[in-house]
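Remarks on the structure that follows.
Every number in this text was worked out from the coordinates using simple rules, so none of it is lab data. Computed from a predicted structure; not experimentally measured. Note: ideal-geometry Cβ built from the backbone for every residue, glycine included; neighbour counts use all protein chains shown.
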Amino acid sequence: MLEVFRSRKMAALLLLGLSSGLPFYLSSRTLQAWMTVEGVNLTAIGFFSLVGLPYSLKFLWSPLIDRFAFPFLGRRKGWIFVTQLALVVALAATAFGRPAEALELLAVNAFVIAFLSATQDITIDAYRADTLEQLEMGAGAGVYIVGFRVALIVTGAGALILADRLSWPTVYLLLAGLMLATLVVSTRVPEPVLHDRPPASLNDAVRMPFVDFFARMGKSRGLPILAFILLYRLGDTMIDNMKMPFLLQTGFSQTDIGVVQGAMGLTATLVGILAGGAVLSRIGINRSLWVFGVLQAASNFAYLLLANVGRNYPLMIVTVNVENFCWGLANTALVALLTSLCDQRFSATQYALLSSLLAVGRDVLVAPAGSLAQMTGWPLFFWISVAAAIPGMALLPLCAPWRSERGLSPHSRS
């Protein structure tokens, strides 16, 4: 079962996951910590969340990455190299910023980092879709997410620890150096073999991803698949959106939550990701979506039990770990699904569009969760979160038939 992880592809995806995660906090949470230390007012710090807009809008320029290629390293590696090199420069430039004196320049630089980081994500997502075979997709998604999470630890907790001992400019220079190291190693990853001709024009790069998707799936199945992506993790994201207020209102301290969620929860997530990749490589994407979807919905009952029991530290530990483990399973299957739906010619655009749809389910549909919890109380809220998993699961027979691993992607991958 673990044999699928022992390949050069998986090592490459682990590295690229690390590279993708490195800039993510450096234009948001970590930068906000530096601004707080420098005495920047909270209103300005709050507005800095807007520099993250490129992550939500990256589908707008993804066709450029499918259409054009640099004349070195290859269609995907060329873009990876250029964006990583630009990120090294932008991160190093941050070290010369002065939050208390030139906040506007720092904001512009942070926006540039977010834009370059989002562009790198587009290319790496396309690289993963172009590289992996059907039964490698779960393992590939798993090791990529592990690399990404490790990078978040380094640039989140690691950067804060370093900042207590070094200056913030020095911390950013060190992290720019780490980005440079990933750039050097990234030049050694294998370039995906292109089996079909890329789009011949920018018009084709914009139009053909939609035409291709519905030509392969048909409207009768294409639309349900899009609805499935939107709804599959709805119940889980309701809890993810409200678990912090719930745990605090139940009587747990911020330290309690930080220790359990930050240490144990992260470990449970990583174990779930790797376990999901290993299982998926054996039973396929379709059956994994069924099994992990049921486990994901069932994990909500742990929060329901905690809501009825009240402040119980051992039960809180079990609840957080179960939820994080099941998140790792379900997220691995979902990333593998999105990867399997992409055609190699348009993988940058198609993955960017599909992941944007996923973000709508994560960020927009769950926005009323706080009002719902306030109106119903926590026990009933968690019952509703279990029920919210049903619409996505109900689409599985049409989108991912249990007996047919070709259910989601009727075209053959080379």
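Below are the figures for this structure:
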read-out	value
Span per principal axis, largest first, for the Cα atoms of the range 89-198 (Å)	52, 29, 20
Neighbour cut-off at most 11 other Cβ (10 Å), DSSP loop, trypsin sites (Lys or Arg not before Pro), the range 1-88	Arg6
Of Ile317, Ile124, Ile80, the one that fluctuates the most in a GNM where the chain has Cα springs shorter than 10 Å	Ile317
Cα-based radius of gyration of the range 113-167 once divided by 2.2 N^0.38 Å, which approximates compact folds	1.48
Rg in Å to one decimal, and Dmax rounded to a whole Å, for the chain via C-alpha atoms	21.4, 62
Under 22 Å from Lys58, Cα to Cα: lysines that are on another chain or at least 8 residues apart	Lys77
Burial ordering of Leu230, Leu194, fewest other beta-carbon atoms within 10 Å first	Leu194, Leu230
Ser371/Arg98 FRET efficiency (R0 41 Å; Cβ-Cβ; nearest 0.05)	0.50
Hull shadow area, averaged, the range 2-194 [alpha-carbon convex hull, nm²]	11.2
Computed Kirkwood radius, in angstrom, where 1/r is averaged over Cα pairs of the range 205-399	17.6
GNM result for the chain, Cα springs below 10 Å: residue of Ala114, Ala367, Ala11 fluctuating most strongly	Ala367
Net charge of Cβ neighbours under 9 Å - reference Pro190; Lys, Arg +1; Asp, Glu -1	+3
